Every structure is written in C-alpha cells, then in structure tokens.
C-alpha cells in the first residue's frame, strides 16, 4: 500500500491510513506500506533551501528532502503500534534501496527483499520511506518526481507482492483530466503501455518510470482514493479486450517549450552530441524533429518542459560556441494534446478524426508526433483545455449521462466503449 | 564548532554561523561543524508524535527526531557552498557514529574519524548531525538531552581537535543562573569536574555526559555566544590556581521529587535490586539515602527529576508487589541548591557557611548530600530562587559593581576570586 502526501497530511489522515492497513491484516494479508512526505512538507523543505541559496548542491538537496518521508514512516509506525499492530519503519538506507548516484534523479538498482520478508514473517507491518534511495557508499539520493510510486512498485516487484494499492487523492485514472473535461470518465482497467503514454503525456496519476517498472515485473497497480472504499483503476497487463478500444483516453500536457537549433551541420554524430549533452544535464526531451534545410544543414527542433528551459538554453549555448553558424530559437507558450489507445495498433482513421476535431475548433496544429498507441499535436498553450475537450468528445470518451458534444458522430467507437463496460 | 538550535533557527542565523566557519578557515583552520535541529523543530516533532499516540515506541521516536538535525546539516552545507566554501554534510549513519541500541538514550561507542579526516584533507568543511547515532545494524538512535554537545565532544576527541567551540545563546558559564541571580558573573575558566557538578546540579549549559567525555579525552571546550565575538568560558583541565577558589559557583535544580520506600527488608542485594530496576527503565536517580528504621528494616529515600516520577512509581509498584510490607511515599515540590568548587577538597568551613546562609533566610533544609567538590541541600521548591541568591552572596560570587549582600563577610574568598582574574 502506498499513501501519497495528501493521504497522510495530518494525524487524522494517518489514522485512517493505518486503519486500512489494520483491515488488510485482519483479512490475513501481509502489508508493506510506502509513504510520501506529509502534505506540503517537501514544498516547505524546498522553500527552506531556497532561502539559503538559489542553486543548492543536489547532494545536499537529497539529504534535506529525504527527511520528509522519514517523518511520515515513524508516525505511521507509531500509529499502528498504538492500534496494537506491530510495525517497523525503514528509511531507504536501512532497507537498502540501493540506487545509482545521480542525485535528485536516482535510479533504483536493488532492494533488500530478504529483510522485508523477515519482518513480515515476524508479524510486522513494514513501513518504507518512498522517494528516497541510498548509494552503495551510503549517500542519500532521491528518485525524482513521482519517486514514491517508483518505490512502491520497486518494493512490490522485489518482494513479489500480489498487488500494489496506490492510495491517493484521486479516484483513479480518467479518460481525461476531470478538472478540464467535466464529463471525463473513470477507467476500470488500463494497460501498462497506455498508462505509460498517459503519464508521459500529462496524466499525473502515476509516473511513467513507476509504470514501466510495474510492467517489467508484471505488478498490478490499483490506483484508488484514500477517502472511500470504491474501486479505482487497475493498471494491468493488456488483454485482447483492451485492443478493441481504439482510443481509451485523451491527455493534455500544459507547460511546454520548444527549442529549434537552425543551421546545424548535417553530418553523423551531431544530433547525438546535442542530445547527449542535454541528457547529461538530466533534462527530459519530449519530441524531436529533424528537417534538412540546405546542403549539409538541418534544423533540429524539440520540446521540453517549460521549467527546464533555462538549463536547456545553457547547454545549447555551450554547444553553440563550438558550432558558430548555429542559432537557437525558443518558444515558450506551447501545449500538447494527445489521444491514447491500444486499439490504434490495429485500427486506422484515428489521426484524421483528431485533426478534424481540432480544425473544427480552429486550433492550429504546430507539430504532430505519433507512437504505436498515441497521437500528439503541439498547439498553443491557450488552446489546450479547449483542444482536450474537443478530442475527448470526438472519440466519445465521456460519461453518457451528460453529453457535451452536440452531435455524437462516432457510433462505431461508442459501441466499442460499451463493449468494454461489460 | 557546534551550533545549538537557537543559533541556526532561520536562514539569517545559518548565514552568520556559516560566516564564522568561513572566518576560521580563512585563519587556516580545518573545521568540523556539529549542529542541532533548527529552533523549535524537535519540539514540533515531539508534538507531532503526541498527536499520534501518548506512548510512541522509542525506536520510532528516534527515527522521527533524527530528521531535525538532518535538515540543519544540509542547509548549512548549502550555505557554505553558496559562499564558495566546499562542504559536505553527514548524518550519524553516514559518518558511522556508532552507538549502543538504547533508543532515546544511546551511548556513543565509536566514530569513523578516518572519513572525517579524509574530507577535511580534501579541503571540505565537514558538517555532522548532532544528537543522533546509529547502531551496528543501522538503527537510528538519539543520545538523549544535550546530545548534540555529546556529538561535538565525541567527534572532537575522535579526530583529535585542538578545541571545541560550542556556540549557543548564552555568553558562557555563570557563577549562577543570571535569570535568578542578577549579579551572577561569567566565569573565564572552569575545570571539567566543576562543570560536571554544575551540569548535574542544574546548569543547562553543557550536559555532564558531554563534559565527562571532554575530560576523558582532554578536549578543551569553549562555551560562547553565537551573537558576538567576545570570549565565553573555557572548560579545561584543572590547574593549581583553580584549587585556590573554594567555591566557584552555585546552582539550583528546580523540579525534583523524592521517593521514600519504607519498611524495606534490610538485607544485602535489596537496594541493588531497586536501583537496578530503576536504571533499567533509564531513569536517572539524583541522591540516595538509606536509614535503618528497625530490626532488619530500612527506609530508602531518593530524589528524581519530577517528570520521571510516573515511571519511577510504576517501577516501584512492581517491586512493591514482591515485598508486601513496603510502602511508597512520594513528594513532589522539591528543589536542590548547591555550591561547587575545586577548593573544597582542601578548605573547610564551606558547609557551615552554606547552612548559615540558608538559616538566615529561614529556609528549611530537608536533606544534605556532599561530594568532594560540592554541597547540596534539598529544600522546598518555592524557596529555590531565594536560596540560590543567598548562597551566591554568602560566597561572594557576584559582580563587584553591584553588590547585593549588605555586609560582605568573606574577605579571604574575595581575594581568591580577584587573584583568579589576573
């Protein structure tokens, strides 16, 4: 079971999280709990560091941030003990969640499952600090955004857990962000691949590194609310049934920026050099396009998260010094709207339908990228919410009770959604 | 250098602490910094635990409290780095401050000096979390009250530091608590033994375990203010000159309780059994008196800190079940006033002078205990402040500028204080 920050933000919520653990134990289960920092603790620690310096060393940032989860684990252990349920808390260092040494973005290499099993077999609930790791040398690391979910899935994989329950402040995974699309619908089951696309396309429910881990080790993840007992969304291995749904969800990624490098020498190894430098700065690149623009010259264009733009600029300027003719152009106010569905592998016509929906709303498409199971369009940031609603309706993803689309055109896909609901 | 909680309570104070470190480095010194939790952090963590349960497991309490110092070390490292001073922070687990496994009251067994020297020789300031330790098995422990000072002295001893600078919110060690005795005087130099007596008798400047450690390894400790650059008090090996001062300070321990066990069978091993049980509960006993009260019967009476009384009662009741005739009596509102001085070893008449001073103030003495270098009287709690002022004046310990005593009687001891000041 994993409890996110909002699910352990005060003593009362910690109590109700602990009650869930006790209930599961009463049903004869062994329980491992992974927790995030309480409420806004991490933000407050980041703010503290911000009062000290604008560029804190990453090692020290990890040392600082890891305290947030350590507070929660001890409080949960205390609460369980006060409910007569034996419990023991562990930091990443204590349970040996060994990572590489990339501070603030570390990757898990190994977890001491033996110790966890030992405590479980001794009748204890094992409570593990999420988000953090430790290098072989004992340096504290953190796993980056969504790190607690990564801990959840990695621990589940290491101990061979039957299911991961990810308790959070949302009910599950929706066909689109319900804050933007009022008739968005909760999805009962979604495949790892779809969930990964959704995560990297803007759905913040579960980080795609966590989903990737879950897929690799076939760990089913149940994303559900900590406020009630209704079922949420199961993220599972794909089934044939799932492939019948052409489009299962739509997503919007809001704060994007594009970087265009013009007059890049078009010879082997140049692009590799650029993206190697960017990756070395731990910046995640969204989409990449390269177009030949003249004799031995190309334009390389890519999108990144807006907040990484200053770092991207720094990295590119360094490269720019070495390639005199190249110019750097950045554009800030972009968004990306996408549709995702396993069925795209076998069905055609998805792209046209999406473009038509956007055209109907007079939304200009800057850029298009596709994968086997998704189509994305880069658009102006201001058009984002409208675009998401339009494509959500075009593929008829919403609740039937309150249709927003005036003329539901897509009978075919409607039937398919209906068949999924059986 | 050690900075206490009030000396690192916000970013500005952390900046001025870091400046001191930079100044010391500029004077060519290698610096190790030991820090406490910021301001009221520990209190807030204790409060958090209190919202969860009234009796948190000690292991989890240590896991929780250790986060306070971890926050401070990372912030100090960030601040130093922002001042272009290479720095690296370490938790007790990382630097291997190995302790026993007595949670909330652990004792240091070993410190990895090699690692500290390595970092110092690489040109870094080493910042170590005070108050915490780690067992051989990686369990987080804490060292009890005043634990950060214990870390300071233990680290200094381990690395062979020339001096410990203990930066705090007081100017140094005073002849008595200046909040109670307005004419109390700062002492320039005090011996380890006197300081230990002063600590265990109520002076909160430096915990006696820390002073004991300092004495054992001959580490000079400079207790000084973090607010200015004036010298504080040096705690050092005793000198012949120090023995010329009969009484160097007076102290008041406020919240004491006494426990009297009546009709205890007077046979060998009984007292040992009682105090073994009390020590096993990690309760520190102040003074012990045993008096024969009948054939093979005795009264055993001892004082403890008021806040430990409930636990003492629990322990004694357990013993009471085994010895049917014994009764337990507790008295709550007690205090202890003491005078301390190396010169008592060679001078007489200190006890009479003290008793006379208390008698002059009509203060009833419940109980008297002595050591080689101190005399203590148990009195009513309400008489405490007055008693402290009376004995402080009787031994003429105050500032000469504003004498409070009407008739300074003790010309001899006055001269001695004067000679010390040379």
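Check segment B:124-143 and report whether any residue there is buried (at least 22 other Cβ atoms within 10 Å of the Cβ), more than 22 Å from residue B:63 (Cβ to Cβ) and modelled with pLDDT of 95 or more. Even if it seems obvious, please write down each step before you answer.
First pass over segment B:124-143, keeping only residues buried (at least 22 other Cβ atoms within 10 Å of the Cβ): B:125-134, B:140-143.
Cutting the leftovers down to more than 22 Å from residue B:63 (Cβ to Cβ) gives us B:125-126.
Adding the requirement that they be modelled with pLDDT of 95 or more leaves B:125-126.
Yes - at least one qualifying residue is present in segment B:124-143.
Determine if segment B:274-285 includes at least one residue that is modelled with pLDDT under 90, buried (at least 20 other Cβ atoms within 10 Å of the Cβ) and closer than 20 Å to residue B:371 by Cα. Scanning segment B:274-285, I find no residue that is modelled with pLDDT under 90, buried (at least 20 other Cβ atoms within 10 Å of the Cβ) and closer than 20 Å to residue B:371 by Cα, so the answer is no.
What do you reckon, is residue B:85 farther than 23 Å from residue A:86 by Cβ and within 25 Å of the chain's Cα centre (by Cα)? So residue B:85 fails the test.
Answer with yes or no whether residue A:94 is touching a residue at least 40 places away in the same chain (Cβ under 8 Å) and within 13 Å of chain B (Cβ to nearest Cβ). Let's see the steps before the verdict.
Working: touching a residue at least 40 places away in the same chain (Cβ under 8 Å): no; within 13 Å of chain B (Cβ to nearest Cβ): yes.
No, not satisfied.
Being at pLDDT 90 or above, in contact with a helix residue (DSSP H, G or I) (Cβ under 7 Å, 6 or more places away or on another chain) and surrounded by fewer than 23 Cβ atoms within 10 Å (Cβ to Cβ) is the filter here, so list the residues in segment B:157-176 that pass it. Of everything in segment B:157-176, those that are at pLDDT 90 or above, in contact with a helix residue (DSSP H, G or I) (Cβ under 7 Å, 6 or more places away or on another chain) and surrounded by fewer than 23 Cβ atoms within 10 Å (Cβ to Cβ) turn out to be B:157, B:158, B:159.
Residues being more than 27 Å from residue A:181 (Cα to Cα) and either touching a strand residue (DSSP E or B) at 6+ places or on another chain (Cβ under 7 Å) or surrounded by fewer than 20 Cβ atoms within 10 Å (Cβ to Cβ) (or both) are entirely absent from segment A:334-344. The helices (runs of 4 or more DSSP H) found entirely in segment A:1-84 that carry 2 or more residues being within 7 Å of another protein chain (Cβ to nearest Cβ), touching a helix residue (DSSP H, G or I) at 6+ places or on another chain (Cβ under 7 Å) and surrounded by 23 or more Cβ atoms within 10 Å (Cβ to Cβ) are A:58-82.
The values are calculated or read from the model by the stated rules, or taken from the named source; none is laboratory data. Predicted, not measured: the structure shown is a model, and the values here were computed from it. Methodologically, a virtual Cβ is constructed for each residue, glycine included, from the backbone with ideal geometry; neighbour enumeration extends over all protein chains shown.
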